[in-house]
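Undergrad: Sharing a structure here in structure tokens format.
The values are calculated or read from the model by the stated rules, or taken from the named source; none is laboratory data. Quantities reported herein were computed from a predicted structural model and do not represent experimental measurements. A quick note on method: Cβ atoms are made from the backbone with ideal geometry, for glycine too, and the neighbour counts reach across all protein chains shown. Protein only, heavy atoms only, side chains kept; ligands, DNA and RNA dropped before computing areas. Shrake-Rupley method; radii C 1.70, N 1.55, O 1.52, S 1.80 Å.
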Amino acid sequence: MAADHGDPRNVRGNGPETEEEQIFRIVLDSLVYEGYRGMTLKVIKERCEGVDVQAVLSRYRTKEDVCRAALEDGKERMALIYEGVTAEARDYLEAGVYSMSAGGLDKERGGARRKISDTGQKIAGLERDDEGWKQLERLLYRHIYQCFHPKNRIYVLAAAQESQLPEELGQILPDALWKYFGSVLAQLVYQVGQVKNAQVAAMCACTVCGGINAFVQQPLYCKNVFMGQTGREPNYAVIEDLLNDHFLRAIAADTAIDKAF
């Protein structure tokens with residue numbers, strides 16, 4: 001199989017897919033489309049191409065062993081996908097203005113403030129030239145792009161299988177997603193968006209993942225909705241932009257810290 005230099009599975013960046021990489025791909029596909037209960041070592045072996053791949057598969061004694069290895073491999077890929085993307089946001093948050101306390105997000109606020117003017121692009125009255133909102137917009141958009149990209153769809157789908165997996169296996173990808181994206185997003189929403197409280201920031205961060213995942217997990221449903229409403233197939237490049245603006249506006253709508261509701 002030829003190398004795909006844009007595929008996060010191909011961490012070496014050259015050469016064909018290794019035997020283990022092929023196994024992990026098959027395991028994740030089986031997990032997503034047959035479910036953990038329907039996945040067996042026999043089925044995985046039948047899908048493996050070549051004796052060498054089957055020999056590597058024989059090192060795993062149970063489907064739990066090979067599934068754990070595939071999910072841990074996915075965790076490493078997720079780190080590659082998100083670490084570079086969130087580096088700027090982490091640096092911004094760790095620059096001394098924002099911090100994370102042992103008990104959660106610090107309640108001290110600073111840095112980015114709302115600014116109203118007659119010029120520049122605005123998000124519900126917030127200028128996009130504010131550095132904090134730039135960081136938030138950039139992080140959101142890059143995450144949306146990563147999820148929509150076909151090469152990453154299997155990881156989004158596999159992470160959504162947490163309730164179908166044994167508890168310790170079901171934690172692997174969601175924990176990685178939290179570490180490499182969700183934690184940074186929640187901090188930005190709370191500190192930059194200055195929403196009412198940390199709980200609202202957490203809700204916003206969860207809503208972001210849920211809203212994007214609907215398009216990844218139920219593409220036919222979303223396609224039918226768009227075609228029914230517009231008469232045209234959805235343009236996912238446009239949808240990425242619309243989603244980004246939708247989430248930014250939703251966060252901005254919760255900006256008033258002293259709201260009664």
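Undergrad: Where residues in the stretch 224-251 are part of a helix (DSSP H, G or I) and of a type in the set (D, E, K, R), which of them is farthest from residue 173 (Cα to Cα)? It would help to see each step written out before you state the result.
TA: First, pick out the residues of the stretch 224-251 that are part of a helix (DSSP H, G or I): 224-230, 236-251.
Within this subset, residues satisfying the condition of being of a type in the set (D, E, K, R) are 240-241, 245, 249.
Numbers: 240: 23, 241: 26, 245: 27, 249: 28 Å.
The extreme case among them is 249.
Undergrad: Identify all residues within the stretch 39-64 that are in a helix (DSSP H, G or I) and touching a Leu at 6+ places or on another chain (Cβ under 9 Å); write none if there are none. Break it down into steps so the answer makes sense when it comes.
TA: Our first condition is that a residue be in a helix (DSSP H, G or I); within the stretch 39-64, this holds for 41-47, 51-57, 63-64.
Passing the criteria: 41, 44, 45, 57, 63, 64.
Undergrad: Follow-up. Which residues, counting only those in the stretch 43-59, are surrounded by 12 or more Cβ atoms within 10 Å (Cβ to Cβ) and either on the phi > 0 side of the Ramachandran plot or among the β-branched types (Val, Ile, Thr) (or both)?
TA: If the condition is that a residue be surrounded by 12 or more Cβ atoms within 10 Å (Cβ to Cβ) and either on the phi > 0 side of the Ramachandran plot or among the β-branched types (Val, Ile, Thr) (or both), then 43, 44, 53, 56 are the ones that fit.
Undergrad: Right, next: Sort through 190, 221 and tell me the only one that's at pLDDT below 90 and in a helix (DSSP H, G or I). Talk me through it step by step, then tell me what you get.
TA: Numbers: 221 fails: at pLDDT below 90.
Unique residue meeting the criteria: 190.
Undergrad: Let me ask another. In the stretch 195-216, which residue that is open to solvent by 60 Å² or more (accessible area, probe 1.4 Å) and at pLDDT below 90 is nearest to residue 174 (Cα to Cα)?
TA: Kept after step one, since they are open to solvent by 60 Å² or more (accessible area, probe 1.4 Å), are these residues of the stretch 195-216: 196, 199, 203, 206-207.
Cutting the leftovers down to at pLDDT below 90 gives us 196, 199.
Details: 196: 26, 199: 19 Å.
Only one residue fits best here, namely 199.
Undergrad: Of these, 185, 169, 157, which one is in contact (Cβ under 8 Å) with a residue 24 or more places away in the chain, surrounded by 20 or more Cβ atoms within 10 Å (Cβ to Cβ) and over 10 Å from the mean Cα position of the chain (by Cα)? Full working, then the answer.
TA: On the way: 169 fails: surrounded by 20 or more Cβ atoms within 10 Å (Cβ to Cβ); 157 fails: surrounded by 20 or more Cβ atoms within 10 Å (Cβ to Cβ).
Sole residue among the options that is in contact (Cβ under 8 Å) with a residue 24 or more places away in the chain, surrounded by 20 or more Cβ atoms within 10 Å (Cβ to Cβ) and over 10 Å from the mean Cα position of the chain (by Cα): 185.
Undergrad: Going by what's in this entry, would residue 179 be described as surrounded by fewer than 17 Cβ atoms within 10 Å (Cβ to Cβ) and modelled with pLDDT under 85? Give the derivation first.
TA: On the way: surrounded by fewer than 17 Cβ atoms within 10 Å (Cβ to Cβ): yes; modelled with pLDDT under 85: no.
In short, no.
Undergrad: Any idea which of 40, 62 is free of Cβ contacts under 8 Å to residues at least 24 places away in the same chain and surrounded by fewer than 11 Cβ atoms within 10 Å (Cβ to Cβ)?
TA: Numbers: 40 fails: surrounded by fewer than 11 Cβ atoms within 10 Å (Cβ to Cβ).
Result of the check over 40, 62: 62.
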